[in-house]
Amino acid sequence: MCPDPETIRIYDTRAADYARVVATSTPGALLSAFIAAIPAGGRVLDLGCGPGLSAAWMAKVGLKADAVDASAEMVALAAAHPGVTAWQASFDDLDATALYDGIWANFSLLHAPRADMPGHLAAIHRALRPGGQFHIALKTGTDEARDSLGRLYTYYTPDALTALLTETGFTVTKTTTGRDKGLDGSMADWVSLAAHG
């Protein structure tokens, strides 16, 4: 879900591996809170959906779940989930206006170049209905680098990310931090923000 061809190539070739790494038997606390904040039957977008596991949980509880990713292999996995409408697209393709009750960007926008982030956040803000929910999770840090697999990452501090969202017109309601192992096998610190338009 990014303009970097090498990152997309890695997700295309490792889609099944990634799906195994992120598979869970429950939706998790952050996704559960996001779903609870969406009106019954609301429309949501899993932006940079990967294998579509989050979108699948959203669809399972009756939400209208759209899912997009730049990786064709990830989109194929996402589209296989019942109730999920998935298509291939990049962050730049988001041009909806007041369409979604919630947008879930879970460890996807970390692949976007830093210079593009304000524009992506503005597009997300436009795509949300007034008061719509937004979830973003990124790895924490201050630089840009490739991991051992070759994926390009842009890192943010919690304060910098909060400032970006506030400048875009979002109201941040919750900040969560953690540390987990990724597809490359290394442990990494992360931050997630819950916000609304």
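Nearest 0.05, what FRET efficiency do THR171 and LEU99 give at R0 = 22 Å with Cβ-Cβ as r?
0.65
Measure out, as a whole number of angstrom, how far apart the alpha-carbon centroids of the stretch 61-90 and the stretch 145-197 sit.
22
First check a/c for the stretch 61-120, with a ≥ b ≥ c the square roots of the eigenvalues of its C-alpha gyration tensor; if it is under 1.5, answer rounded, and if not, answer prolate when a/b is larger than b/c or oblate otherwise.
Oblate.
Considering all projection directions equally, how large on average is the shadow of the alpha-carbon convex hull of the stretch 79-156, in square nanometres?
For the stretch 79-156, averaging the hull's shadow over all directions gives 6.3 nm².
Would you mind classifying the chain by shape? Square roots of the alpha carbon gyration tensor eigenvalues, ordered a ≥ b ≥ c; an a/c under 1.5 is rounded, otherwise it is prolate if a/b is larger than b/c and oblate if not. Please list the in-between numbers first.
Working: a/c = 1.38, a/b = 1.08, b/c = 1.27.
Judged from the Cα gyration tensor, the chain comes out rounded (a/c under 1.5).
How about LYS60: which aspartates and glutamates have a C-alpha closer than 18 Å to its C-alpha, ignoring those fewer than 8 places off in the same chain?
By straight Cα distance, LYS60 reaches ASP46, ASP101.
Starting from 0.36 nm per residue, how many nanometres of slack lie between ARG126 and GLU144 once their C-alpha separation is accounted for?
Using 0.36 nm per residue and subtracting the Cα-Cα distance, I get 3.8 nm.
Rounded to the nearest 500, what is the 222 nm mean residue ellipticity of the chain from helices alone, with -39500 (n - 2.57) per DSSP H run of 4+ residues and division by all residues? Don't jump to the answer; show the numbers that get you there.
Values: 7 runs with 63 residues, N = 197.
Rounded to the nearest 500, the figure is -9000 deg cm²/dmol.
To the nearest 0.05, how large is the calculated FRET efficiency for ALA160 and ASP12 if R₀ is 25 Å and r is the Cβ-Cβ distance?
Values: r = 30 Å, r/R0 = 1.22.
For R0 = 25 Å, the calculated efficiency reads 0.25.
Measure off 7 Å from each Cα along the Cα-to-Cβ vector at SER25 and ASP92, then give the distance between these two points in nanometres to one decimal.
Between SER25 and ASP92, the simple spin-label model gives 4.4 nm.
What is the calculated FRET efficiency for SER186 to VAL61, with r their C-beta to C-beta distance and R₀ = 35 Å, to the nearest 0.05?
0.60
Each reported figure results from applying straightforward, stated rules to the coordinates on display, with no laboratory input. Model, not experiment: these values are computed from the prediction. Glycine also receives a Cβ, built like all others from the backbone with ideal geometry; neighbour counts cover every protein chain displayed.
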